[in-house]
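The values are calculated or read from the model by the stated rules, or taken from the named source; none is laboratory data. These figures come from a predicted structure and were not determined experimentally. Heads up, the Cβs are rebuilt from the backbone with ideal geometry, glycines too, and the neighbour counts pull from every protein chain shown.
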Amino acid sequence: MVPVIAPSILAADYAELARSVASLGREADWLHVDVMDGHFVPNLTIGPPVVEALRKRTDLYFDCHLMMTNPGDYLEAFRQAGADGCSVHVEVGDTAALIEEMAALGLDRGLAVNPETPFEAFAPYLDRLDLVLLMTVHPGFGGQEFMADVMPKLRRTRAELERRGLRVAVQVDGGIDEHTGPTAAEAGADVFVAGTAVFGRERPAEAARRLREAVSSTGSPAGASGGPAPGGEE
């Protein structure tokens, strides 16, 4: 598997957002867009207008992580704004209907899972997804410490995808850098979200490159049934 590097704009300079994205050069595969509603998580960030504005400035794959209580009310707006894929949280409920709606809109279907949420809560939906996002911090704020105790769930997820022959990308988000990324890669992740570890560095493109090298050197046990990731190549 070729790892996918998805810098999170949560850690970018919002006053210079387009310039921050441009600073990635060709070292980013996706752009991770953290959308927080101040209700599902205790923070507020951005909405479709910012996605629409950025869409005019880059052709990167837009991976929108909807940390929202009512994501179904906004899926169409994010699609129109230029999102390529959206991830909704299994914890908000109505999961099957939200997955169906994303599919009907032509969005890649992602399902996000909080650190404490058990494997059994999302396993029934794996065959309907393009991506499963395992949070390695509590969602809501950047700069948190990587939670290694999520790795058994990550390994179990990868093993289940292998067992069922499902081509679903496995994403990790939270505390990912060149030191923790290899741990997640070894456990089965192939899409790596990094905010502070990329945009918090003086040279974001170099930081993204180092992350890619770190997770590539570890290698994922994904095998033939892993990926390709949404919007990417096998």
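Once region 141-159 is narrowed to residues that are in contact (Cβ under 8 Å) with a residue 40 or more places away in the chain and surrounded by fewer than 16 Cβ atoms within 10 Å (Cβ to Cβ), the residue that is nearest to Val88 (Cα to Cα) is Phe141.
Candidates Leu66, Leu98, Leu17, Leu31: the one that is surrounded by fewer than 20 Cβ atoms within 10 Å (Cβ to Cβ) and either closer than 28 Å to Ala184 by Cα or not β-branched (Val, Ile, Thr) (or both) is Leu17. Restricting region 19-35 to residues that are part of a helix (DSSP H, G or I) and without any contact (Cβ under 8 Å) to a residue 40 or more places away in the chain, which is nearest to the chain's Cα centre (by Cα)? Within region 19-35, the match that is nearest to the chain's Cα centre (by Cα) is Val21. Taken over region 110-137, the criterion of being surrounded by 13 or more Cβ atoms within 10 Å (Cβ to Cβ), within 16 Å of Arg164 (Cβ to Cβ) and touching a helix residue (DSSP H, G or I) at 6+ places or on another chain (Cβ under 8 Å) is satisfied by Leu111, Phe119, Phe122, Ala123, Tyr125, Leu126, Arg128, Leu129, Val132. For region 196-206, a tally of residues being of a type in the set (Gly, Ala, Ser) and crowded, with 24+ Cβ neighbours inside 10 Å returns 1. Number of residues in region 79-91 that are touching a Gly at 6+ places or on another chain (Cβ under 9 Å) and either charged (D, E, K, R) or touching a residue at least 40 places away in the same chain (Cβ under 8 Å) (or both) equals 4. When Val41 is tested against (1) at pLDDT 95 or above; (2) more than 26 Å from Ala104 (Cβ to Cβ); (3) in a loop (DSSP other than H, G, I, E, B); (4) not basic (Lys, Arg), exactly one condition is not met: (1).
I'd like to check something: does region 210-222 contain any residue that is modelled with pLDDT under 95 and within 19 Å of Cys64 (Cα to Cα)? For region 210-222, residues modelled with pLDDT under 95 and within 19 Å of Cys64 (Cα to Cα): absent.
Listed by position, the helices (runs of 4 or more DSSP H) contained in region 98-213 that have at least 3 residues being among the β-branched types (Val, Ile, Thr) form an empty set. Whether a residue is modelled with pLDDT of 95 or more and in contact with a helix residue (DSSP H, G or I) (Cβ under 6 Å, 6 or more places away or on another chain) was assessed, and Val35 does not pass this test. Does Thr180 qualify as being more than 14 Å from His32 (Cα to Cα) and among the polar types (S, T, N, Q)? It is true that Thr180 is more than 14 Å from His32 (Cα to Cα) and among the polar types (S, T, N, Q).
Residue count for region 36-57 satisfying the condition of being in contact (Cβ under 8 Å) with a residue 40 or more places away in the chain and among the β-branched types (Val, Ile, Thr): 1.
Within region 76-95, being buried (at least 20 other Cβ atoms within 10 Å of the Cβ), of a type in the set (A, V, I, L, M) and under 28 Å from Ala22 (Cβ atoms) holds for Ala81, Ala83.
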